[in-house]
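*Asks:* Here it is, the structure, as structure tokens.
Rule-based calculations on the coordinates, nothing more; no lab input. Predicted model, so just to flag it, every value in this text is computed and none were measured. Virtual Cβ from ideal backbone geometry, glycine too; neighbours counted across all protein chains shown.
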Ligand code: FES
């Protein structure tokens, strides 16, 4: 079962109440991860009347199951961005994410944040060539990276590419702190408040408890934006599930690491309440496409023991991350015909800086402030270039898994979003949908959207 170190060591705080009456607001945000909280904070600071609704508890989704790296080193990305979007846009992506990291540093305290070097490493000649190409991109963009050979990890590395003095966070404590600041600035936050229906034309939301929210602007910060995305982004997001395990460690690492070769591995340590934990991740697959998922935790456990000489893991968790076909998230108005509905998604596993950067973009749009990144992150941008292939692959996946919504009882129940067949995730004990990433608990209730209705398990 999912047992996230971050969620288990969250600050003990009084939960936010569920919504218990009809309300109106300037901006309603659905989704209480870092993305929704950052939007609430930025807008409340502008004096906007903002409400945030979370169907479960704050930060229990992607943020609470992340690796907690707040860095501009988003794996190998800048060489590809230059190729795809050109120098200026690649630089803009770097700038907005750097600004997001600096924002995090400006308010976090205690165990919420720590400085760490971000390091990419290769163990093959091909990987080293990739690192050299990425370093060239760093030079062109003015990113302060250094090529090297060795690292503090007990692994033979061929080359490293390091950005000194980046940041790692405790994503849940960090998010809890930001939520507190948002409330101080005037935001209203409600947990255990499940939005089940939307009437976007009338700008009305309806909760499972039969309350209405009248809004002027709506921001969807759910994992895979619910219903509103039918026929729009559905063909343009792929969803991956990745696995993380942690074990008690004696020494903190100076760096946070990602391998560029296969199998992909991500390594960091964290110090919480006087104890050090070692985190290993990288096992991943397309969401909902595997049944025997325990194998991924087993591989991580073996490596923790054999390579890092650590005891078997004490926490393990998995995260689900949507990606766009062209590396840049979607953040902004959903379409010109609905300029008051915004989405924020597709962070490609780099949601901690990207969610803050996206929140800046959306909040600037809402208050009418210029932001150079609006066009780059626009959800209706076109020109996927070489990444179109991935978009088509995603489409193919949807078509292949789509059953037409017929409730035919088989050993895999039909997803209530758009009728794809779910698969049982043995390790996490959930039904996962491969089409747009909905997840359901053992009893059929919704764990993650876009689905809003429970599975029929009868
Ligand atoms: Fe869309 Fe299942 S999540 S069909």
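*Asks:* Pull out the extension gain between residue 311 and residue 21, defined as 0.36 nm times the separation in residues minus the alpha carbon to alpha carbon distance; nm, one decimal. Numbers along the way, then the final one.
*Replies:* On the way: separation 290, 0.36 × 290 = 104.40 nm, distance 4.99 nm.
Length gained between residue 311 and residue 21: 99.4 nm.
*Asks:* Another question, then. With n ≥ 4 as the cut-off for DSSP H runs, can you work out [θ] at 222 nm for the chain, using -39500 (n - 2.57) per run divided by the number of residues, rounded to the nearest 500? Before the final figure, lay out the partial values.
*Replies:* Numbers: 10 runs with 124 residues, N = 458.
Result for the chain: -8500 deg cm²/dmol, rounded to the nearest 500.
*Asks:* Let me ask something else about it. With each pseudo-label sitting 7 Å past Cα toward Cβ, what's the residue 302-residue 105 distance in nm, one decimal?
*Replies:* For the pair residue 302/residue 105, the computed spacing is 4.0 nm.
*Asks:* Tell me, what is the FRET efficiency for residue 155 and residue 181 to the nearest 0.05, using R0 = 45 angstrom and their Cβ-Cβ distance as r? Please report the intermediate quantities before stating the final value.
*Replies:* Working: r = 40 Å, r/R0 = 0.88.
Using R0 = 45 Å, I get an efficiency of 0.70.
*Asks:* Here is a follow-up. Given labels modelled 7 Å from the Cα in the Cβ direction, how far is it in nm from residue 273 to residue 295?
*Replies:* 3.7 nm
*Asks:* For the chain, what is the convex hull volume of its Cα atoms per residue in Å³? Intermediate values should be presented prior to the final figure.
*Replies:* Details: hull volume 62.3 nm³, N = 458.
Cα-based convex hull of the chain, divided per residue, equals 136 Å³.
*Asks:* Something else now. Between residue 3 and residue 136, how many nm apart are label points set 7 Å from Cα along the C-beta direction?
*Replies:* 4.8 nm
*Asks:* In segment 106-182, if every C-alpha pair distance is counted and binned at 5 Å from zero, what percent goes to each bin?
*Replies:* Reading the bins upward from 0: 3, 14, 19, 16, 14, 12, 12, 7, 3, 0.
*Asks:* Another question about this same structure. Taking the convex hull of the alpha carbon atoms in segment 264-341, what volume per residue do you get, in Å³?
*Replies:* Numbers: hull volume 12.7 nm³, N = 78.
So the per-residue Cα hull volume is 163 Å³.
*Asks:* Pulled fully out, how much extra length does the chain show between residue 125 and residue 370, if you take 0.36 nm times their separation in residues and subtract their Cα-Cα distance? Write out the running numbers ahead of the final one.
*Replies:* Values: separation 245, 0.36 × 245 = 88.20 nm, distance 4.42 nm.
Working it through step by step, the gained length comes to 83.8 nm.
*Asks:* Tell me, Kirkwood radius of segment 32-145 from alpha-carbon pair distances, in Å? It would help to have the intermediate numbers written out before the result.
*Replies:* Working: mean 1/r = 0.0603 Å⁻¹.
Every distinct Cα pair counted, the radius reaches 16.6 Å.
*Asks:* When the C-alpha atoms of segment 78-219 are aligned to their principal axes, what extent does each axis show, in angstrom, from largest down?
*Replies:* 60, 38, 25
*Asks:* With angles folded into 0 to 90 degrees, how steeply does helix 34-45 sit against the dominant principal axis of the chain? Use alpha carbons for both and round to 10.
*Replies:* 70 degrees
*Asks:* Of all the Cα-Cα pairs you can form in segment 46-110, what percent are over 18 Å apart?
*Replies:* Working: 1250 of 2080 pairs.
Of all Cα-Cα distances in segment 46-110, 60 percent exceed 18 Å.
*Asks:* If R0 is 25 Å, what FRET efficiency do you get for residue 426 and residue 456 from their C-beta distance, rounded to 0.05? Spell out each step's value before the answer.
*Replies:* Numbers: r = 21 Å, r/R0 = 0.84.
Working from the Cβ atoms, E equals 0.75.
*Asks:* Something else now. Nearest 0.05, what FRET efficiency do residue 14 and residue 146 give at R0 = 56 Å with Cβ-Cβ as r? Mind dumping the intermediate values first?
*Replies:* Working: r = 46 Å, r/R0 = 0.82.
Here the calculated transfer efficiency is 0.75.
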